[in-house]
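Report on one structure; see the data block that follows.
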Amino acid sequence: MYKNGLIVFTILIAGIFLFNISAFSKEISGPKNVGDVLVEIEKANVAFKTLKAGIVYTRTITLLESTEVSEGELSYKKPKRMYLKFYPPRNEVNIVDGKYVWVYHPAEKQVEKYEMINSRQSSQGVSFFEFGYGETLEAAKKDYKITLLDTKEDGKRRFYILDLQPKDPKSQYSDIRLWVEEGFWLPGRIELYESDGEVVNIIELKNIKLNKGMSDKIFVFDVPRGVEVIELFK
């Protein structure tokens, strides 16, 4: 359960790209190369402090012909603070408070608790999400080989698809792809491939709002009475 919750945090549907953001309006010029795109992402990354968005998470296991779709809401604040709530039927809350990752299952009256420093899984999850939403470009280059896979245009909108190949052979993901809209310069769609593409995770962010007021209280998890705390790696 933890792996699925972490993949999503942070945190898009094959074929049609359906997310709405308040991107900066500008005329489309000639396509940029990968270096130019990364520079623009870095600039946008520096400018943003908080993010709120709706989220759609699709997980497909090809061998089982199984697809699960979950919807919810995401709040993110630098550095490394996240609140991710999935609506029923998933009914799950993920909170990252900077030190611990909490995965709360209200129906089961259980919460999984992971220390970020010692949990390799939590570190990987934060790493992929924070490229473009917190991690510096230089740090991302240390972890991934980054190339420009494709450029797609939809009317006056242009999307750059970046391909991130993890340098660590033990990485949870064999491939990561980020969809970045020109003018907005932050990922709106994140595709994560496991087991050489046999498992595909797609994260789609909708109605993105940047740098709005956000209380730190939302990132504090107070264990409700009667809820069991599970610490698997302690």
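At an R0 of 22 angstrom, the distance between the Cβ atoms of Val220 and Glu71 translates into a FRET efficiency of 0.35.
Highest mean packing comes first when the peptides 36-46, 184-194, 161-171, 75-85 are listed by Cβ atoms within 10 Å, giving 184-194, 75-85, 36-46, 161-171. Straight-line cross-link reach from Lys99 at under 13 Å between alpha-carbon atoms covers these aspartates and glutamates, not counting any fewer than eight positions away in the same chain: Glu115.
Determine which residues of the range 66-92 fall in the zone a paramagnetic label at Ile230 would reach in this model, i.e. backbone nitrogen under 18 Å from the point 7 Å along Cα→Cβ. Counting only backbone N, you get 86, 90-92.
List the pairs from Lys85/Lys109; Lys77/Lys217; Lys52/Lys78; Lys78/Lys145; Lys145/Lys167 whose alpha-carbon separation is above 18 Å, in the order I gave them. Correct reply: Lys78/Lys145. Rounded, prolate or oblate for the range 149-232? Axes are the square roots of the Cα gyration tensor eigenvalues, ordered a ≥ b ≥ c, and the cut-off for rounded is a/c under 1.5. Oblate shape, in that a/c is at least 1.5 and b/c is the bigger or equal ratio. With neighbours defined as other Cβ atoms within 10 Å of a residue's Cβ, the residues Ser195, Ser215, Ser70 order from fewest to most as Ser215, Ser195, Ser70. Full extension of the chain between Leu63 and Ser195 yields a length gain of 46.4 nm, computed as 0.36 nm times the residue separation minus the alpha carbon distance.
Laboratory data are not the source of any read-out in this text; all were calculated from the coordinates shown. In this text, all values refer to a predicted model and were calculated from it rather than measured experimentally. Note: ideal-geometry Cβ built from the backbone for every residue, glycine included; neighbour counts use all protein chains shown.
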